[in-house]
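Heads up, the thing below is written out as structure tokens.
Just so you know, all these numbers are worked out from the coordinates, no wet-lab data involved. Model, not experiment: these values are computed from the prediction. Quick reminder, even Gly has a Cβ in these numbers, built from the backbone with ideal geometry, and neighbours come from all protein chains shown.
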Amino acid sequence: MRYAVRRLGFFVFTLWVALTINFMLPRLMPGNPALAMLSKYHGQVGPGTLKALEILYGINTSKPLPEQYVTYLHQMLTGNFGTSLEFYPSTVSSVIGSAVWWTVGLVGIATIVAFVVGTWLGIIAGWRRGGRLDSALPPVFVVTSAIPYFWMAMVLVLIFGITLHWLPYIGGYDVAGDTPAFSPTFLSDVLRHAILPAAALLITTVGTWILTMRNTMITTLAEDYVRMARAKGLPGRRIMLDYAARNAILPNLTGFAMSMGFVVSGAILIEYVFNYPGVGYMLLQAVQSEDFPLMQALFLLITVAVLVAILIADVATALLDPRTRTAA
Amino acid sequence: MSMPISGITTGQPDAGPAPALDPVGPGVPAATAAVPGGAASALRRMTTAIRRNRKATIGAVLLLLFVLVAIFPWVIANDNPNADAFKPRLGVSTAHLLGTTAYGQDMWAQLVWGTRNVIIIAFTAGLATTLIAVLVGVAAAYLGGAWDGALGVLTDVLLVIPLFPLLIVIAAYANGGGTLVLILVITVTSWSYTARQLRSQALSLRRRDFLEAARVRGERPLYIIVVEVIPTMTSLIVACFLTNALYAVLFASSLQFIGLGDPNTVSWGTMLYWAQNNAALQTGQPLWAIAPGACIAALGAAFALLNYAFDEIGNPALRPLRRNRVKRAR
């Protein structure tokens, strides 16, 4: 349990760093970008909002920096992220709330499928060392790991959306012909819109799981206890799953945690290509319209999500593998 | 753009130094690698290893090709990549190998001249990132104690903060600062992964005899780090450079794609940005987006293939097996 507490402390510290980066960046940049943002939106949003933003970004204020910092931290920790400029007069929190579920659904499901499929393929590739799967997979996935996420998404759009007309490739549902409701038609529409983005995410992330799993399988298969299992004459399937894969899966879990950041960046770009109404697309919209309050809040949200995911994976690894409890 | 491949075998922080971290090339006794000033011989060993490993050869040839195109673009593309000199939206022809853009620029010229920007980013950001990683990783391992603690926390924090959103936020505030800003932002944020790899290798070197000897001679820590430790780690440092260069290419292209680079630079990422802005896929100009993306993937694959080969060289257990051995093992 001490391990979990220490990790938790580390994550709180990391969160504080992210908050501080958020606070310092606009103040450090030459020509204060926040000032440009405010002048851009002058006249479009109410004077009260502008005043609040000036306080948030330390403009037109005589308050010293530390005091600004304390105000900022207090606002962030109480969930007060201010007003969105792009979607004025909605608050940032309400704007994000509408986007978050799209991303959770899309990225969550695609990641779990990628993990399961990738780990399974990795087990088989490592077990049948030098077999057809094993010799074909690594080179293929070395190459796919170098493909930009957004480009893979564009290729899928071109093939299955534009050329073959099989699947929709814009948005999360048919905006013109469908209204959001818990009806079978709407849900199936959502599913159809999710297939291409999910496939893009799956293709670009599954290689990681396969390679990690294959490589740790190979290391584990050389262990003495595997040799003993063979000497006992246990069936191959049992050795593969209960002796080798069971131990080899732990580094894959750690890898899962480490690659969360990559999944997130992939999701941002893929949502952008598909105009998917999730958090990533919204982040880029906020960047393009210089809606800094929304951008900052989204960055924090993504950071927290990644930190929580890593923490869960960490604790799971510690529960499953006694060796990690004291180390780290 | 998934996890660095080389890291997968080595990136198990809790499992102690992984076998892939062994700096010693194939068939070379450990003692040779531990000789101070062994950097030159390590490089020679690497060249031989690249020639012997098929993946590495493909990667090296591909990389060399792109570097040559970046240095001498006029050899294969005469047109000015920026001039809106032609009719817009021309198809593929001998005059315009890939057709023209919606602005009437020659796409082949853009693609060829755009190589330079990407190669510059790959090598400068890759080298700078690796330099920081080496300094932080080796210093943390060698100095130990409070230094290790502080640098370790710094590394870990950067490791878990999602990098790409952070890059987006910084680039957004920097507001279209061009290639130099891209390089700076990528360098400052993305060294942590390789720093961690280098740290665990440096840790395994700490108690080697030749370092003890240097300490007994009374050398200063900085001298020992630069002259004794770093040359011993040449092959891992090269592998780290390959990882960092791959990520520099992918991150920079992604940022340019979403419009956070300077949209006037000639570069693959910028081409993709303009293609997306003009709905190139929907308006029957797929090559505008497909060609630069394929180049990014090919350049990235060159780095990834070299890197993967380095992993195989460093960790013999991962090398492809002959089939008859597999049967016996089962």
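Any chance you could give the angle, 0 to 90 degrees and rounded to 10, that helix A:246-274 forms with the longest Cα principal axis of chain A? The answer is roughly 40 degrees. Ordering A:200-213, A:289-302 by mean Cβ neighbour count within 10 Å, with the highest value first, yields A:200-213, A:289-302. Annotation: amide H of A:THR83 within the under-5 Å range of A:VAL92, sequence separation 5 or more or interchain, hydrogens built in the peptide plane.
Work out, in µm²/s and without decimals, the Stokes-Einstein translational diffusion coefficient of the range B:156-314 at 25 °C, 0.890 mPa s, Rh from Kirkwood over C-alpha pairs.
Estimated diffusion coefficient is 135 µm²/s.
For the range B:157-229, count all C-alpha to C-alpha pairs, find those more than 20 Å apart, and express that count as a whole percent of the total. The share of Cα pairs beyond 20 Å in the range B:157-229 comes to 52 percent.
Partner chain Cβ atoms within 10 Å, averaged over the residues of A:126-134 - can you pull that number for me? Write out the running numbers ahead of the final one.
Values: counts 0, 1, 2, 7, 9, 3, 0, 0, 3.
Rounded to a whole number, the mean comes out at 3.
Cross-link reach is defined here as a Cα-Cα straight distance under 23 Å, omitting same-chain residues fewer than 8 places apart; for A:LYS232 the lysines meeting it are B:LYS327. Taking the average, over residues, of other Cβ atoms within 10 Å as the packing measure, peptides B:233-239, A:91-97 rank B:233-239, A:91-97 from highest down.
Pairwise alpha-carbon distances in the protein assembly as shown exceed 37 Å for 40% of all pairs. Beyond 27 Å, what share of the Cα-Cα pairs of chain A remains, rounded to the nearest whole percent? Percentage above 27 Å: 57. Dividing the C-alpha radius of gyration of the range B:43-180 by 2.2 N^0.38 Å, with N its residue count, gives 1.50. Over the range A:99-290, Cα pairs under 8 Å with separation of 6+ residues give a relative contact order of 36 percent.
Averaged over its residues, how many other protein chain Cβ atoms are within 10 Å of peptide A:290-298's Cβ atoms? Don't skip to the answer; put the middle values down first.
Details: counts 3, 1, 3, 0, 0, 5, 2, 0, 3.
So the per-residue partner count for this stretch is 2.
Sequence-distant contacts, meaning Cα pairs under 8 Å at least 6 residues apart, place the relative contact order of chain A at 24 percent. Note on chain A: GNM, Cα springs under 10 Å; of A:GLY261, A:GLY280, A:GLY233, the largest mean-square fluctuation is that of A:GLY233. Once the Cα atoms are used to define both axes, helix A:184-221 deviates from the longest principal axis of chain A by about 50 degrees.
Over the range A:21-72, the hull volume per residue, using the convex hull of the C-alpha atoms, is 79 Å³. Shielding of peptide B:289-299 by partners, expressed as the average count of other chain Cβ atoms within 10 Å per residue Cβ, is 4.
Listed values for the range A:9-18 are Karplus-derived 3J(HN,Hα) couplings in whole Hz (6.51 cos²θ - 1.76 cosθ + 1.60, θ = phi - 60°), namely x, 4, 6, 4, 4, 4, 4, 4, 4, 4, and x replaces Gly and Pro. If you take all other residues with their beta carbon under 13 Å from the beta carbon of A:GLN285, and give Lys and Arg +1 and Asp and Glu -1, the sum is -4.
Under a straight-distance cross-link criterion of Cα-Cα below 22 Å, which lysines are reachable from A:LYS40, leaving out those fewer than 8 residues away in the same chain? Straight-distance partners of A:LYS40: A:LYS51. Rounded to the nearest whole Hz, the Karplus-based 3J(HN,Hα) values (6.51 cos²θ - 1.76 cosθ + 1.60, θ = phi - 60°) of the range A:40-55 follow the sequence 5, 8, 4, x, 8, 10, x, x, x, 4, 4, 4, 4, 5, 4, 5, with x at glycine and proline.
Sorting check: for A:161-169, B:294-302, which peptide has the highest mean count of neighbouring beta carbons within 10 Å, and how do the rest follow? Intermediate results must be reported in sequence, preceding the final value.
Numbers: A:161-169: 14.7, B:294-302: 22.8.
Averaged packing, sorted descending, gives the order B:294-302, A:161-169.
Distance distribution P(r), the range A:74-197, all Cα-Cα pairs, bin width 10 angstrom from 0: 10, 24, 29, 22, 10, 3, 0 percent. May I ask for the net charge around B:LEU163, where only other residues with Cβ less than 15 Å from the Cβ of B:LEU163 are counted and Lys, Arg are +1 while Asp, Glu are -1? Around B:LEU163, the charge tally is 0. Helix A:92-127 and the long axis of chain A differ in direction by around 20°, with both axes built from C-alpha atoms.
Whole-Hz Karplus values for the range B:57-69 come out as 4, 4, x, 5, 5, 4, 5, 4, 4, 5, 5, 4, 4 Hz, taken residue by residue from phi with 6.51 cos²θ - 1.76 cosθ + 1.60 and θ = phi - 60°; glycine and proline positions read x.
Please pull out the direction-averaged projected area of the range A:99-290, using the convex hull of its alpha-carbon atoms, in nm² to one decimal place. The partial results should precede the final answer.
Numbers: hull surface 53.6 nm².
The orientation-averaged projected area of the Cα hull of the range A:99-290 comes to 13.4 nm².
Calculated mean residue ellipticity at 222 nm for the protein assembly as shown: -22500 deg cm²/dmol, from DSSP H runs with n ≥ 4 weighted as -39500 (n - 2.57), summed, divided by the residue count and rounded to 500.
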